[in-house]
Amino acid sequence: MRTAIISDIHGNLEALTTVLDDIDRRSVDQIISLGDILGYGPNPKQCVDLVSARCEWSLLGNHDYGALYEPTNFNKAAEDAAFWTRAQFDAEEDEEIAKKRWQFLGGLRPRTLLGDFLCVHGTPRKPINEYLFPDDAINSPVKMKQIFAHIPKYAMSGHTHVPGIFTDEPDFYPPDDLDEFSFQYMDDDHFIINPGSVGQPRDLDPRSSYAILDDEKFTVEFFRLDYDIEAVREKIHAIPELSNWLGDRLLEGR
Ligand code: ZN
């Protein structure tokens, strides 16, 4: 089965539609989302509608949690964005549509299984809020060990907006270090996939990121796509509640 893994869309509709168009050309059996559909970006409602229509399921990210329940450990710009995002859903005039969206958001799960993969937004031990950074592979061997202890076999997570593969050596492999951006794994390997971010990449590459898992060929392929960043930046600048920085950072991929 070929599964497209998307994550951290953050209300960026231009990035999401670009990624979905690309996925549609690559004979994929299903699409899954690792959370943070909204928060930061100018089109949270449209992104939620597209994810609920196109994805098998989506997980609960910290920003989904922030808009739905309450922002936790957010800086000022992120908290302002969370309250603005919540207000967009509250302002929906069509009651049926509003109800459907809240039901979809309320049904997001913090963790689930996809075959042998444990799927979370944050980390396998703290699925909503904990970060697993590339540097942890070098600087935090104890944290890596504890996190890998929570994984039945393989795992996938988002949240850092940095794509790559974590192994239990421990090590981290960005897509650029892989042969043709593709990771070949074996049955008894232990690793965590991070597909990167669709709507707000933070690895200094502003292009949208996602991955395709083929669990018959045992491969994980990473993809990067240009999209209309300027259009999203302009929309963000036009919304007073969204900090201009949220638009500017998209240009730099950070
Ligand atoms: Zn995120």
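If you take the residues of the stretch 41-56 that are part of a loop (DSSP other than H, G, I, E, B) and over 15 Å from Arg233 (Cα atoms), which of them is farthest from the ligand (Cβ to nearest atom)? Full working, then the answer.
Our first condition is that a residue be part of a loop (DSSP other than H, G, I, E, B); within the stretch 41-56, this holds for 41-43, 55-56.
From what is left, the residues that are over 15 Å from Arg233 (Cα atoms) are 55-56.
Values: Cys55: 16, Glu56: 20 Å.
Ranking the qualifying residues of the stretch 41-56, first place goes to Glu56.
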First in the stretch 53-65 and over 19 Å from Ala78 (Cβ atoms), second anywhere and away from the ligand (no atom under 16 Å from the Cβ), Cβ under 7 Å, 6 or more apart: Arg54/Leu20; Arg54/Ile31; Cys55/Ile31; Glu56/Gln30; Glu56/Ile31; Trp57/Thr112
What number of residues in the stretch 1-40 are outside any strand (DSSP E or B), away from the ligand (no atom under 16 Å from the Cβ) and of a type in the set (Ser, Thr, Tyr)? 3
Among the residues of the stretch 57-86, which ones are away from the ligand (no atom under 16 Å from the Cβ) and touching a helix residue (DSSP H, G or I) at 6+ places or on another chain (Cβ under 7 Å)? Arg86
Result of the Cβ filter at 6 Å on the stretch 1-14, keeping first residues that are within 14 Å of Gly35 (Cα to Cα) and partners that are more than 9 Å from the ligand (Cβ to nearest atom) and of a type in the set (Asp, Glu), at least 6 apart or interchain, is none
Among the residues of the stretch 164-202, the number that are more than 20 Å from Asp116 (Cα to Cα), within 16 Å of the ligand (Cβ to nearest atom) and not charged (D, E, K, R) is 6
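Taken together, the values in this text are just the output of simple stated rules run on the coordinates, not laboratory data. All of these numbers come straight from a predicted model, not from anything done at the bench. In this analysis, Cβ positions are derived from the backbone assuming ideal geometry, glycine residues included, and neighbour counts consider all displayed protein chains.
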